[in-house]
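Readers should treat all values here as calculations from the given coordinates under stated rules, not as data from a laboratory. Worth saying up front: this structure is predicted, and the values here are computed from it rather than measured. Cβ coordinates were reconstructed from backbone atoms using ideal geometry, including for glycine residues, and neighbour counts include every protein chain displayed.
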Amino acid sequence: MKILVLNCGSSSLKYQLINMENEGLMAKGVAERIGIDGSFLKHESENNGKVKIEEEMKDHKDAIRIVLDALVDKEHGAIASMEEISAVGHRVVHGGEKFSGSVVINQDVINALEECSELAPLHNPPNLMGIYACQEILPGLPMVGVFDTAFHQTMPEDSYIYALPYEYYENHKIRRYGFHGTSHKYVAMKAAALLGKSVEDLKLVTCHLGNGASVAAVDGGKSVDTSMGFTPLEGLAMGTRCGDIDPAITTFLMEKEGMDYKELNNVMNKKSGVLGVSGVSSDFRDIEEAAEKGNNRAKLALDLYHKRVKKYIGAYAAEMGGLDAVVFTAGLGENSPESRAAICDGLEFLGIKVDESKNNVRGKETIFTTEDSTTQGILIPTNEELMIARETLSLV
Ligand code: ADP
């Protein structure tokens, strides 16, 4: 069975075609600048190499058509005909409180997703566009929605309720939801397998450190807390997002700088984080390089980033009453031994001792702590697309 995994953003569409017989990647790619001048598709087939296709895509329907053409192309394709695709798995950012697991998409689900859109106005509408486009182009093909929020629906009330008047939760569903759930779930399961234990018997802190970043407390295979909240803005400092700040700063800044809430929202989401502090870049590679050359603000950005992750690890160990392993994943977590070491530095009291030579690795499943560590540090490359394909397979 071959499953097409789609991740639709506002002007982009990422896809993977996965053969579920061996979980092998057959093709992948990204369509960019959808609805903007100069749209193109970068397509890569495992057996037939890479190609860049420049073609107008005025909407997601055009993009999906071009992706399907590329998949069946004689020269660069991966399959002989579209009939080989058995199902489509869609990444959907926000499932609200309605979805605590993946679902087969039908009209009721679409209606519920439309309702969730006001909770994720930047993400859910493009996800829905992808679903509508598939309905038209691939009528009758089963589709599954896999939600970033679903894994965190197991959080207890005292993790997800904000200390605001309770009626805001009742009237507007203001609560913590958490994101990156597909990744947290995937790496938790993989880490358990690497440790040769059942995930039900483990207390894990999973750190998804990409451009967006979040930490989750996974107790017995269930998310019991996570650092992102009502939106992906809460929690860690990120590439461009501020994460936790004193909420009173917002009204203070609006007054001092004469900003309206839209400008402020833009500052907190796009101009803050390690970009805002360093003034260098949102990309950790640039910041690490600048810090090495003596740029103090770049060093400060890294230091405060690492400290924030460390604080969450400590908090979640306390919350779970123990810790068996800390799992690192996503761009920075997988590729920066320096960041993993800096975050774990000082966590020896929790039983974590980094083995420098084992930690000197990128993008490969590894336990990077010493033999005598009682709590393990683990690197697991995430694979959200494979997780979406597995969920899709299990439902269709
Ligand atoms: P997203 O999917 O959220 O865009 P990724 O998981 O791809 O993010 O992570 C992107 C981040 O990972 C970037 O900030 C980048 O700097 C960081 N990253 C990637 N490779 C490295 C590396 N070799 N060293 C340090 N940071 C890296």
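Could you list Lys58, Lys307 in order of exposure, starting from the residue whose Cβ has the fewest other Cβ atoms within 10 Å?
In increasing order of surrounding Cβ atoms, one gets Lys58, Lys307.
Tell me the mean residue ellipticity at 222 nm calculated for the chain from its helices only (DSSP H runs of n ≥ 4, each -39500 (n - 2.57), averaged over every residue, nearest 500). Intermediate results must be reported in sequence, preceding the final value.
Details: 15 runs with 153 residues, N = 396.
Value at 222 nm, helices only: -11500 deg cm²/dmol.
I need Asp225, Asp283 ordered by Cβ neighbour count within 10 Å, fewest first.
Numbers: Asp225 23, Asp283 15.
Ranking Asp225, Asp283 by Cβ neighbours within 10 Å, fewest first, gives Asp283, Asp225.
In whole percent, what relative contact order does the range 32-113 give with Cα contacts below 8 Å and a gap of six or more residues?
20
Work through the residues other than Gly322 whose Cβ is under 13 Å from its Cβ and net out their charges, Lys, Arg +1 and Asp, Glu -1.
Once positives and negatives cancel, what remains is -3.
Sequence-distant or interchain residues sharing an amide H contact under 5 Å with Glu23, placed H: which?
Here the answer is none, since no amide H 5 or more places off falls under 5 Å of that of Glu23.
Work out the length of the dipole vector of the range 302-396 about its Cα centre, built from +1 on the beta-carbon of each Lys and Arg and -1 on the beta-carbon of each Asp and Glu, and round it to the nearest 20 debye.
The dipole of the range 302-396 has a size of about 200 debye.
Note the angle between two axes, namely the Cα long axis of helix 60-72 and the longest principal axis of the Cα atoms of the chain, as a number of degrees from 0 to 90, rounded to the nearest 10.
70
At what distance in nm do the modelled label points of Asp260 and Val51 sit from each other, each positioned 7 Å from its Cα along Cα→Cβ?
For the pair Asp260/Val51, the computed spacing is 4.7 nm.
Within a Cβ distance under 11 Å of Arg175, other residues only, what is the Lys/Arg minus Asp/Glu net charge? Intermediate values should be presented prior to the final figure.
Working: positive: Lys173, Arg176; negative: Glu97, Glu157, Glu170.
Once all neighbours under 11 Å are counted, the net charge is -1.
For the pair Asp158 and Ser81, how long in nm is the line joining their label points, each one 7 Å along Cα→Cβ?
Placing both labels 7 Å beyond Cα along the Cβ direction yields 6.0 nm.
With a 10 Å radius around each residue's Cβ, average the other Cβ atoms per peptide and rank 35-45, 170-180, highest first.
Details: 35-45: 16.6, 170-180: 19.8.
So the peptides 35-45, 170-180, ranked by packing, come out 170-180, 35-45.
Under 13 Å from a label point 7 Å along Cα→Cβ of Val361: give me every residue in the range 166-201 with its amide N that close.
Of the residues in the range 166-201, 191, 194-195 have backbone N under 13 Å from the label point off Val361.
Convex hull over the Cα atoms of the chain, averaged projected area in nm²?
20.9
With θ set to phi - 60°, apply the Karplus curve 6.51 cos²θ - 1.76 cosθ + 1.60 along the range 369-380 and write out the HN-Hα couplings as whole Hz, x wherever there is a Gly or Pro.
9, 6, 3, 8, 5, 8, 10, 8, x, 10, 9, 10
All other residues with a Cβ under 9 Å from the Cβ of Gly243 taken together, and with Lys, Arg as +1 and Asp, Glu as -1, what is their net charge?
0
Report, to the nearest 10°, how far helix 296-320 tilts away from the longest principal axis of the Cα atoms in the chain, using its own Cα long axis and a range of 0 to 90°.
Between helix and principal axis, roughly 90 degrees.
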